[in-house]
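A short write-up of the structure that comes next.
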Amino acid sequence: MGFVFLANKIAPVFGYGILALSFFINGFGCQAQLLPPDEVQTLQTISRKLELSRFWNNISDASCNRLNEDFNNTIIVESKIFHNVSCECSYENNTVCHINRIFLKGLNLTGVLPEEFGRLAYLEELSLFGNRLNGSIPEQIGNITTLRKLDLSFNNLTSQIPKEIENPTLLELTVTSSSLWKYGFCVSSFSFSFFPKSFFLVSTEDYKVASGASSIVIIELRALDVRKINSATGNFDPANKIGEGGFGPVYKGVLSDGGVIAVKQLSSKSKQGTREFVNEIGMISALQHPNLVRLFGCCTEGNQLLLIYEYMENNSLARALFGRDDNRMHLDWPTRKKILLGIARGLAYLHEESRLKIVHRDIKATNVLLDRDLNAKISDFGLAKLDEEEHTHIST
């Protein structure tokens, strides 16, 4: 409240208060937080192509201030309610908004995936889970350098993941393999080949198609910090070397949480190249079986190519049978029988039961690993490559 002297009397007035209030209202309080025209046009184009008018209404530069009215469909993610579009309005002193998340899950959308999504330069999350989109994944999505999560699963997409999607900030990629690979088995066989950084296989889920003709595999990937692998192996200290495989040396690693892993380091002199490396990632990560060594992830850092496996406490069958006296194990007949049956079950799965018919063609004692309980697990079938004509995997 301001005060002025008038005829020697104090007259309370609100002059300064009103002036200040007016300043805040006109200067700050009602200053619009606007969506840039190019993003407005992009959303309008996407809405037209995907027929989203029933969910997106009257899109304009003020839509971020009218989320309830303009983007009226909501979803629940981790117990939090989200509009199917969300904005971040902290740019340029809180005057400019940008679209940062789009959730279009289970809306029965049809048509091709609009390339205009690639124009949303501030987009961090994009989910189109559970629709009926077809065609290819547009390479323009690779232009979104801020994208961290991309979920295109349960659609009818028909092509491989474009190599343009090489964004190192992309932490989660979820797709259905049957949408992206004509044999319907594994997305990671090509997704890894296009991502320059490192990834960890979080989960693999197998779903049977209602027709019974095939199955689809959901593979969830997260970023894997190569520094953690270096730390786990003591920068590949020779003291941690536990074997030598077709790709090069194998090291034991201990993660910060106490988890133990085996890290296979691709040798620069290896006859197998990056393509074979990627093939092994694709096959092993998709084909889960108790008698197959599980692949947890990979690292591609510069020229360094690494595979991260589950750790086998008892190394290889070769060492157990033919190793030095301190490594050799006394295996009684029941144990030997269990190992033989495990090898047979693993081979039967590869040859007859897996989505693809895989022929190992390099079965030997060094490629049979033993876990803590002396269960046999087959490893090192990265020599296989896809025979396009006969729809089978053969070795070279």
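The values are calculated or read from the model by the stated rules, or taken from the named source; none is laboratory data. Values in this document were obtained by computation on a predicted structure and should not be read as measured data. All Cβ positions, glycine included, derive from the backbone under ideal geometry; neighbour counts span all protein chains shown.
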If you go through the stretch 101-140, how many residues are crowded, with 18+ Cβ neighbours inside 10 Å and in a strand (DSSP E or B)?
7
What are the residues in the stretch 244-266 that are at pLDDT 80 or above and part of a loop (DSSP other than H, G, I, E, B), if any?
255, 256, 257, 258, 259
Give me a count of the residues in the stretch 43-89 that are at pLDDT 85 or above and either β-branched (Val, Ile, Thr) or at positive phi (or both).
5
Subset of the stretch 126-159, residues at pLDDT 80 or above and of a type in the set (A, V, I, L, M, F, W, C), comes to 126, 128, 129, 133, 137, 141, 144, 147, 150, 152
Name the single residue, out of those in the stretch 359-396 being modelled with pLDDT under 75 and in a strand (DSSP E or B), that is nearest to residue 262 (Cα to Cα).
384
Got a number for residues in the stretch 358-381 being out of contact with any Leu (no Cβ under 8 Å at 6 or more places or on another chain) and surrounded by 12 or more Cβ atoms within 10 Å (Cβ to Cβ)?
4
